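S.K.: Mind having a look at this structure? Questions to follow.
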Amino acid sequence: MKITTRSAEALLESIGRTPLIEIEVPQGARARLFAKLESVNPGGSIKDRPVARMMTRALAAGRFERGRRLLDSSSGNAGIAYASIGAALGVPVTLVVPGNASRDRR
């Protein structure tokens, strides 16, 4: 699969390039604790990683040919990732929000 636009390429390359930060541990602890700061992903969450992988693999396999679109149920971060990555890749995305989603989520 060849990503056709620079902006799509840049978006995909930025996913997962999140900083590793050290978390403070209690005095005298015998370990250091580190975490990836996933909030700096383009979509703002860890969900960017699996969504990018799924969408690029599906695109490479020809799953979005002949006007096919991505359809999924989401009321959160995965939906944001689907929408932004889909827009960059030129993949139409339709998201449905579950009926039991809170008003804020809708």
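The values are calculated or read from the model by the stated rules, or taken from the named source; none is laboratory data. It should be emphasised that the depicted structure is a prediction, and the values quoted were computed from it without experimental measurement. So basically every Cβ, Gly included, is an ideal-geometry build from the backbone, and we count neighbours across all protein chains shown.
S.K.: What are the pairs, 6+ residues apart or on separate chains, where a residue within segment 55-80 that is on the phi < 0 side of the Ramachandran plot and surrounded by 12 or more Cβ atoms within 10 Å (Cβ to Cβ) has its Cβ under 6 Å from a residue that is modelled with pLDDT under 95 and of a type in the set (D, E, K, R)?
M.R.: Note: pairs meeting the criteria are Ser75/Arg105.
S.K.: Can you pull out the residues in segment 14-45 that are part of a loop (DSSP other than H, G, I, E, B), out of contact with any strand residue (DSSP E or B) (no Cβ under 6 Å at 6 or more places or on another chain) and within 28 Å of Ser84 (Cβ to Cβ)?
M.R.: Ile15, Gly16, Arg17, Pro19, Asn41, Pro42, Gly43, Gly44, Ser45
S.K.: So is Arg49 among the charged types (D, E, K, R) and exposed (fewer than 10 other Cβ atoms within 10 Å of the Cβ) or not? Quick ask: steps written out before the conclusion?
M.R.: Values: among the charged types (D, E, K, R): yes; exposed (fewer than 10 other Cβ atoms within 10 Å of the Cβ): no.
Against the criterion (among the charged types (D, E, K, R) and exposed (fewer than 10 other Cβ atoms within 10 Å of the Cβ)), Arg49 does not qualify.
S.K.: Say whether the condition of being within 10 Å of the chain's Cα centre (by Cα) and over 20 Å from Thr5 (Cβ atoms) is met by at least one residue in segment 91-106.
M.R.: The answer is no; no qualifying residue exists.
S.K.: Which residues, taken from segment 81-106, are β-branched (Val, Ile, Thr) and either surrounded by 19 or more Cβ atoms within 10 Å (Cβ to Cβ) or closer than 17 Å to Gly62 by Cα (or both)?
M.R.: In the first step, residues of segment 81-106 are kept if they are β-branched (Val, Ile, Thr); the result is 85, 91, 93-94, 96-97.
The answer is Ile85, Val91, Val93.
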